[in-house]
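First the structure, in the form of structure tokens, and then the observations on it.
The values are calculated or read from the model by the stated rules, or taken from the named source; none is laboratory data. Not measured: the values here are computed from a predicted model. Positions of Cβ are generated from backbone atoms using ideal geometry, with glycine treated the same way; all protein chains shown enter the neighbour counts.
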Amino acid sequence: MTTSHSGSTRYRERVDSVSKDILRNVRFNQGFILWMGFLTAVLAVCLFAYTIQLRKGLGVTGLRDITSWGMYIANFVFFVATSLVGMLISSVLGLIGFKWVKPIARIAEIIAVAFASIAGLIIISDMGRPDRLPNVFIYGRVQSPILWDVTVVTTYFLVSLMLWFIPMIPDLAIAKTRLNGRPAFLVKAYELLSINWVGHKKQVKTLNEAGRILLILIVPLAFAIHTVTSWLFAVTPRAGWDSSIFGPYFISGAFVSGTSAVIIAMFFYRKSYKLEKYLTDFHFEKIGRVLALVSIVYIYFNINEFLVPGYKLKTLDEIHLKELLAGEYAPLFWGVQLLGLLIPVILLLFKQFRKPLPMVVIASFVLAASWLKRYIIVVPPQAHPFLPVQNVPVEWIVYTPTLIEIAISVAPLVLALMIITILSKLFPVLPIHELAEEETLAVDGHETDLAHIDETAVYNEEKKANNN
Amino acid sequence: MSEKKKKENPEDSKIDEILESSRRDFLKMVGIVGAASVAGGAAIYSGYRHEKAKSSGETIKVLTEDNRLVEIPKDQVKDYKPDLKVLQTRGRLGIKGKKWVMVIDLSKCRNARKCVAACQGAHHLRPYEYHINTLVMQESKNTPAYYMPKTCQHCDNPPCVSVCPVDATFKRQDGIVLIDNERCIGCRFCMAACPYSARMFHWQEPLDAEADKGKEYDVELNVPQKKGTISKCLFSADRVREETLPYCVSACPNGVFYFGDENENAVTNGTTKETVMLSELLEKNAGYRILDELGTKPRVYYLPPKNRIFDFKQGPATEYKETT
């Protein structure tokens, strides 16, 4: 009894020190306002470009009958792919029992929420008649993979949102008493969102169960969203899309882009939020190994995807592969494969490159290459259909994205950054109670019995003390 | 028996529904007219006298939809104009008992492109927007080149219909695959799925957008065309309803196209108007379907370009050139 009591006292001290570090960043400082102002300005330009597209039609893009899916769809695939990292980190690695993912899990969920919520919007920007979006719900036909995609992306977004929110409830309860000097609405929001969390035994049990169910549920869901996204292409007979490994090919690629996004976010939070104490070199070392592993898996699928058709060289596969490996797209293809996949893997095998600074450089290359890879997957296979393309203007044959199209494609990134900023600026970006628990555990040698910690009681005590 | 038959046939019941609703509308109108006549009896009476003096009293015999011969005053006859609801309902159902089929004889095509022009005229398309396009084909370096008119293949296993998320493109009972541009959301999944590149998209305001404004949309003609939606070859479903040959078929000066009903095993040549047996035509000329190995089961057959009656003159035209 005495040990658990002293444990809980120590836990409270830890909570105090950890929350001081984490909550320091929950404020509207000048940097936040400037950054959001900048994003809003960029977004305004992008939206202006979109109004032009709405008025004049999709003809303002480089898309035409031959290549009718371009940058927008590549962007969509990239966003869905990147959002998959939430599942990889908090679910797969978390359920296996890796303790080091604890401070990273919430960052991964923030990225999952931001990217999954925007993915749907990108599809709307690609629609010829966005005003008819309700038709998808009124006349929806289950045999169309688009319906599957709409369903699973929405579900994945909601479950990711819950996976971000539910483990944060104890943090909100901890933080609501420690938000001095913040706007009243934020304190109110924390109080509301902490849904009467007092750390009671029953609450802890419910929280853990809910978290566990969601962590298990999100695994098939995440596999579903990206497999279905790959099927948008794989269900057609076109060379370059007609592949039976497109599902795992996409998923392994998704882990690569998502992990690199998390590394960039970790680096940024560590630096500008001054979280060096919690996001240590050790965490970077570990996530660096994850990036190397998922990249190696992706290389394996790449070999399958290109070597097998390359061996048989069926007429249309031959045209497609020639274009990719030695033709018009060769610089892009080899740039992506070498700078974005092969060289990063080789570098990450060495310990000195699994340090924060080299890793953020590597991750930036990988993330950029991931976007270009989606472009290579989406665009080139359309250029060579089964029947020859004849008697059309030359700009109908060669796809070149226009400035308006590029501006509209930037909008989703801006929106995702806005969501990431808001989620990580208004709410604790690292799990306070888990970090405090971990530190206490390191000292005590056993887990704190959270049932003894009544946050409301603490709050009342503090209030009393303040009044006196 | 008749009840059962009615249930089995959705077309009948739908048409019944339309007739039922128009009857209800009619009765409602009679009611209003009746009320008005009670209210303004005197005025109506004088009006009647005036009308009687004007009217010739001539009648005309008319055959109704349910095969009744009726007599109505001649001055009450109005041209029948189906409204959107009727056009959409009959457009989606297609023509009962028919299975339309096209045969294209490659040995006769000399790239006159009259089919293309007729089609673009009927469907209000620009010169580089195609429902039908004539392609220069050459399988390999040592095999001769030939011209190939390419329409939508109206597949019996259409990949475009499978992937459409909103049932905007659909397969009718008479074999025709249509596109409803009142419903299309413009996602272009059908374009990605079609191995024949048969579909086009309105990337900009359609050619006759201004002139066609206010016209009732006929899904069988796909006019007015709409910006941000798909358009495609319709096997001239509007012409077929009137029992005439499709625009491209009758425009061809070289006897390339045959069109007809698979159920009747008869196809008619658009130039010579000669009707031949479909099975015999395909068998004697080694008819085939393009990309049949993809399992799409096209409804367009090709006769190989053997013993070509015209010389091949033009090299492959990969680019569109404005003809002045």
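Residues that are more than 7 Å from chain A (Cβ to nearest Cβ) and surrounded by fewer than 24 Cβ atoms within 10 Å (Cβ to Cβ) were ranked within region B:160-172; the one that is farthest from residue A:236 (Cα to Cα) is B:172. Among the candidates A:204, A:198, single out the residue that is assigned to a loop (DSSP other than H, G, I, E, B) and surrounded by fewer than 19 Cβ atoms within 10 Å (Cβ to Cβ). Result of the check over A:204, A:198: A:198.
Yes/no matrix, rows are residues, columns are (1) within 14 Å of another protein chain (Cβ to nearest Cβ); (2) closer than 24 Å to residue A:68 by Cβ:
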position	(1), (2)
A:215	no, no
A:221	no, no
A:228	yes, yes
A:240	yes, yes
A:253	no, yes
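Which of the residues that make up region B:260-292 are among the aliphatic types (A, V, I, L, M), within 30 Å of residue B:139 (Cα to Cα) and assigned to a strand (DSSP E or B)? Within region B:260-292, B:267, B:276, B:277 meet the criteria.
Selection over region A:366-405 of residues that are closer than 30 Å to residue B:289 by Cα, within 12 Å of chain B (Cβ to nearest Cβ) and either among the polar types (S, T, N, Q) or assigned to a helix (DSSP H, G or I) (or both) gives a count of 7. Within region B:85-99, not a single residue is touching a His at 6+ places or on another chain (Cβ under 8 Å) and not in a loop (DSSP other than H, G, I, E, B). Among the conditions (1) under 32 Å from the mean Cα position of the chain (by Cα); (2) surrounded by 15 or more Cβ atoms within 10 Å (Cβ to Cβ); (3) at pLDDT below 85, residue B:87 misses just one, which is (3). Restricting A:136, A:187 to those that are without any contact (Cβ under 8 Å) to a residue 60 or more places away in the chain, assigned to a helix (DSSP H, G or I) and more than 14 Å from chain B (Cβ to nearest Cβ) reduces the list to A:187. Number of residues in region A:88-116 that are over 21 Å from residue A:171 (Cα atoms) and either surrounded by 21 or more Cβ atoms within 10 Å (Cβ to Cβ) or free of Cβ contacts under 8 Å to residues at least 60 places away in the same chain (or both): the value is 5. Annotation note: of A:251, A:225, the sole residue that is farther than 30 Å from residue A:353 by Cβ, within 22 Å of the chain's Cα centre (by Cα) and in a helix (DSSP H, G or I) is A:225. A single entry from B:213, B:226 fulfils the requirement of being without any contact (Cβ under 8 Å) to a residue 24 or more places away in the chain and part of a loop (DSSP other than H, G, I, E, B): B:213. Note on region B:229-256: residues that are of a type in the set (Gly, Ala, Ser), under 15 Å from residue B:174 (Cα atoms) and part of a helix (DSSP H, G or I) total 1. Counting only residues that are among the acidic types (Asp, Glu) and buried (at least 20 other Cβ atoms within 10 Å of the Cβ), region A:369-418 holds 1 of them.
A single member of A:25, A:29 is modelled with pLDDT under 90, closer than 15 Å to residue A:182 by Cα and surrounded by 15 or more Cβ atoms within 10 Å (Cβ to Cβ), and it is A:25.
Can you confirm whether residue A:395 is in contact (Cβ under 8 Å) with a residue 12 or more places away in the chain and within 26 Å of residue A:234 (Cβ to Cβ)? When the stated conditions are applied, residue A:395 does not pass them. The set of residues from region B:196-210 being within 28 Å of residue A:240 (Cα to Cα) and either basic (Lys, Arg) or out of contact with any Cys (no Cβ under 9 Å at 6 or more places or on another chain) (or both) comprises B:197, B:199, B:200, B:201, B:202, B:203. Kindly check whether there is at least one residue in region B:297-309 that is at pLDDT 95 or above, surrounded by fewer than 16 Cβ atoms within 10 Å (Cβ to Cβ), within 24 Å of the chain's Cα centre (by Cα) and within 14 Å of another protein chain (Cβ to nearest Cβ). Yes; the residues of region B:297-309 include at least one that is at pLDDT 95 or above, surrounded by fewer than 16 Cβ atoms within 10 Å (Cβ to Cβ), within 24 Å of the chain's Cα centre (by Cα) and within 14 Å of another protein chain (Cβ to nearest Cβ). Among the residues of region B:173-220, those identified as within 18 Å of residue B:84 (Cβ to Cβ) and away from chain A (no Cβ under 11 Å) are B:178, B:179, B:212, B:213, B:214, B:215, B:216, B:217, B:218, B:219, B:220.
The residues of region A:246-281 that are of a type in the set (Asp, Glu) and touching a residue at least 60 places away in the same chain (Cβ under 8 Å) amount to a single one, A:281.
Return yes when residue A:43 is at pLDDT 95 or above, in a helix (DSSP H, G or I) and either over 24 Å from residue A:172 (Cβ atoms) or in contact with an Asp or Glu (Cβ under 9 Å, 6 or more places away or on another chain) (or both) and no when it is not. For residue A:43, the condition - at pLDDT 95 or above, in a helix (DSSP H, G or I) and either over 24 Å from residue A:172 (Cβ atoms) or in contact with an Asp or Glu (Cβ under 9 Å, 6 or more places away or on another chain) (or both) - is met.
Inspect all residues belonging to region A:52-61 and state whether any of them is closer than 30 Å to residue A:275 by Cβ and either crowded, with 21+ Cβ neighbours inside 10 Å or in the same structural domain as residue A:410 (by TED's automatic domain parsing) (or both). No, that holds for no residue.
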